[in-house]
């Protein structure tokens, strides 16, 4: 198991610290000098970190990290899913410059808990801290983040999802998919391992554009189960391929964040990063 001191991990550490400080005192989001002093960096250095990480002004990015940002997204960039196309056992899509192709495991095979399945995993640097990626020979089936829970807990969490699978550490074997996924460039395959209802929810999530958000009730309606909002929330929480299946874009109807399996600071950093990328393109 590896832990790196990469530039991207360092950047996420600064972002996570900024989130904690903004929660303690929201006013620091509009005062870069004060925020830098609290973090223990010079304003110039903090500006370089934020600009390199997000590509927009540090003051603007700090505003995206506030708790109220998600609620504002629900007002300004609420993606309706009424016309979401649910493809069933396979499909394709795009995430920025990444072409995604996915295939779902047959329900009977899913019920076996991973028996007879060889899964390979590795640790990779990402904009949101250390990323654990797990893949079968058909594609990525797990993507988790260890910044908040630690690498050992992250790996154990992922292993519990397929208790009978043969889990092997093999960084090189999955590196091409992993690098494409985390850089959002190229092509990656996904192997969706879940119950049929869960897969419907996950496919609906893949119809929410980057820089936008949706609600659990919107997803429930899109999959033809408008009264199953709680079940949808559970399926969103059990999504094994975070970021690529963007469960971080799902909010409560009130605009509150709801939960996030890998830690709310990671979810908030993702939403802020995507908002910054969306603004940079418009």
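The values are calculated or read from the model by the stated rules, or taken from the named source; none is laboratory data. Because the structure is a prediction, the values reported are computed rather than measured. So basically every Cβ, Gly included, is an ideal-geometry build from the backbone, and we count neighbours across all protein chains shown.
Here are the numbers for the structure shown:
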{"item": "Criterion violated by residue 103 - all others in (1) farther than 24 Å from residue 224 by Cα; (2) at pLDDT 85 or above satisfied", "result": "(1)"}
{"item": "Candidates 12, 96, 53 - the one that is at pLDDT 70 or above and closer than 24 Å to residue 187 by Cα", "result": "53"}
{"item": "Residue match in region 111-123 (condition: under 18 Å from the mean Cα position of the chain (by Cα) and free of Cβ contacts under 8 Å to residues at least 60 places away in the same chain)", "result": "yes"}
{"item": "Residue among 153, 127, 172 that is out of contact with any strand residue (DSSP E or B) (no Cβ under 6 Å at 6 or more places or on another chain), farther than 18 Å from residue 239 by Cβ and modelled with pLDDT of 90 or more", "result": "172"}
{"item": "So residue 116, is it outside any strand (DSSP E or B), out of contact with any helix residue (DSSP H, G or I) (no Cβ under 6 Å at 6 or more places or on another chain), modelled with pLDDT under 95 and surrounded by fewer than 17 Cβ atoms within 10 Å (Cβ to Cβ)", "result": "yes"}
{"item": "Filtered residues of region 211-240 (kept if surrounded by fewer than 18 Cβ atoms within 10 Å (Cβ to Cβ) and in contact (Cβ under 8 Å) with a residue 40 or more places away in the chain)", "result": "238"}
{"item": "Residue ID - surrounded by the most Cβ atoms within 10 Å (Cβ to Cβ), chosen from residues in region 195-210 that are within 16 Å of the chain's Cα centre (by Cα) and part of a helix (DSSP H, G or I)", "result": "201"}
{"item": "Flag for residue 204 being over 21 Å from residue 274 (Cβ atoms) and in contact with a helix residue (DSSP H, G or I) (Cβ under 7 Å, 6 or more places away or on another chain)", "result": "no"}
